[in-house]
Amino acid sequence: MMPLDGIRVIDASSILAGPLAAQILGDYGADVVKIEHPIKGDSMRGHGPSKDGVPIWWKEISRNKRHLALNLGKPEGAEVLKRMIADTDVLVENFRPGTFEKWGLGPDVLHAINPGLIITRLTGFGQQGPYAQRPGFGTLVEAMSGFAHLTGPADAPPTLPAFGLADTIAGISASSAILMALRHRDKTGEGQVVDVDLLSPMLTAAGPGPSAYDLLGTVGSRNGNRSSNNAPRNTYLTKDGKWLAISTSAQSIAERVMSLVGHPEVIGEPWFADGAGRVQHVDLLDGYVSDWIGARDRDEVMREFTEAGAAVAPVYDARDVVEDPHVRDAEILAEVEDEDFGTMLQHNLMWRLEKSPGTIRFTGRALGADSDAILAELGYSDTEIASLRESDLIK
């Protein structure tokens, strides 16, 4: 018994945030139908690396989803969606505001068919406001949230992440919002519109900058790998050319680190008593830690930090992640069966539920792989399905 057994989801979104939200629901038992344009498909199929022409990222972001290739922009395609909505719990879409309404699929229409439907709309800037009609890509949000301004060396340009950070945070946030809306429906029978913009979760992740500006008039700045909240916190190069990261967010950890690197005298200084005080002496503390780590190989540093109960981690690339014994033993990655690759590694489920765990039942499929089966479930005859296909409404 998985927690979302019996929940039916339509994923009519594209790229990353919406598909990730739907993937999470599918991982925990929801029956997810992925809708893509029959000719264009989801642009996500072209993101990331591929092997023998088969997209690798797609295999994960579309796992546990059945695939229907359907043109929602045509009246006949919109009618298919309406028939699906009658027996659906959650719709996820991320078209520009007004697009679904233009197609005759606005919330008023869909809720008239199914009053309990949860309509989840993911956009860059929400359904209302002066920026609502702007293209809402994660890169723009990572810039506007203050993240880029705070990231990178002080003497270098603002730095954007090398991956879909804003979309990923928004997708995880949307899955949480959907569950809250389902809980509300369980209690009241009411469906609703869930409006998730990419900017709000990213602002939260970037920290309390707006509050600090409001109350103090201060604006944060780039500090490289240093933290504005505590010190020492940085990446450090070992004698054998390896990078390590340490954190001293907890006072006890900061004290252990300074004792380990041979400078316990600073612990008694009044300024050492909290993170803010230590930040004011970051050059001194970083110098002590850097000198100590730079004189030792990575394995020695890792061993001594671990024995001292201090916080340290190696800076990994993808190969290091795959080969890490904890990642393997804790099953943070999972080897799954795949119809194209035989088996492949993927990120495992994000949360481990003791009583009702989720599962990876199958990986992402080809465009329109389940179209005929899904339409047959809706009552379409073989002749009707063939007619839809001849009209390029499905694949």
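The values are calculated or read from the model by the stated rules, or taken from the named source; none is laboratory data. The model shown is predicted, which means the values in this text are computed figures rather than measured ones. Backbone-built Cβ (ideal geometry, glycine too); neighbour counts: all protein chains shown. Keep in mind that these areas ignore ligands, DNA and RNA; they rest on the heavy atoms of the full protein, side chains included. Shrake-Rupley method; radii C 1.70, N 1.55, O 1.52, S 1.80 Å.
With a 1.4 Å probe and every protein chain left in place, work out the accessible area per residue of the chain in Å², rounded to a whole number. Please list the in-between numbers first.
On the way: 19950 Å² over 395 residues.
Here the per-residue accessible area is 50 Å².
Could you give P(r) for the chain, binned at 20 Å from zero, as whole percent values over all Cα-Cα pairs?
23, 48, 25, 4, 0
Ranked highest first by the average count of other Cβ atoms within 10 Å around their residues, in what order do 364-377, 155-168, 30-43 fall? Present the calculation step by step, with values, prior to reporting the outcome.
On the way: 364-377: 18.1, 155-168: 15.3, 30-43: 20.6.
Sorting 364-377, 155-168, 30-43 by mean packing, highest first, produces 30-43, 364-377, 155-168.
How much of the DSSP beta bridge set in the chain is antiparallel, as a percent to the nearest 5?
Values: 16 of 38 bridges.
About 40 percent, rounded to the nearest 5.
Can you pull the semi-axes for region 98-244, root of five times each eigenvalue of the Cα gyration tensor, sorted largest first, whole Å? All intermediate terms of the calculation are to be shown ahead of the outcome.
Details: eigenvalues 300, 58, 47 Å².
Output for region 98-244: semi-axes of 39, 17, 15 Å.
With each run of n ≥ 4 DSSP H residues scored as -39500 (n - 2.57), what mean residue ellipticity at 222 nm is computed for the chain after dividing by its residue count and rounding to the nearest 500 deg cm²/dmol? Kindly include the intermediate steps, with their values, before the conclusion.
Details: 18 runs with 155 residues, N = 395.
For the chain, the value works out to -11000 deg cm²/dmol.
Determine the share of region 279-338's accessible area contributed by carbon and sulfur atoms, expressed in whole percent, with a 1.4 angstrom probe.
Details: 1700 of 3740 Å².
Carbon-and-sulfur percentage of accessible area, whole number: 46.
Quick one: how many lysine pairs does region 1-143 have with C-alpha atoms less than 18 Å apart and a gap of 8 or more or different chains? Give me the count, please.
Pairs that pass both the separation and distance tests number 10.
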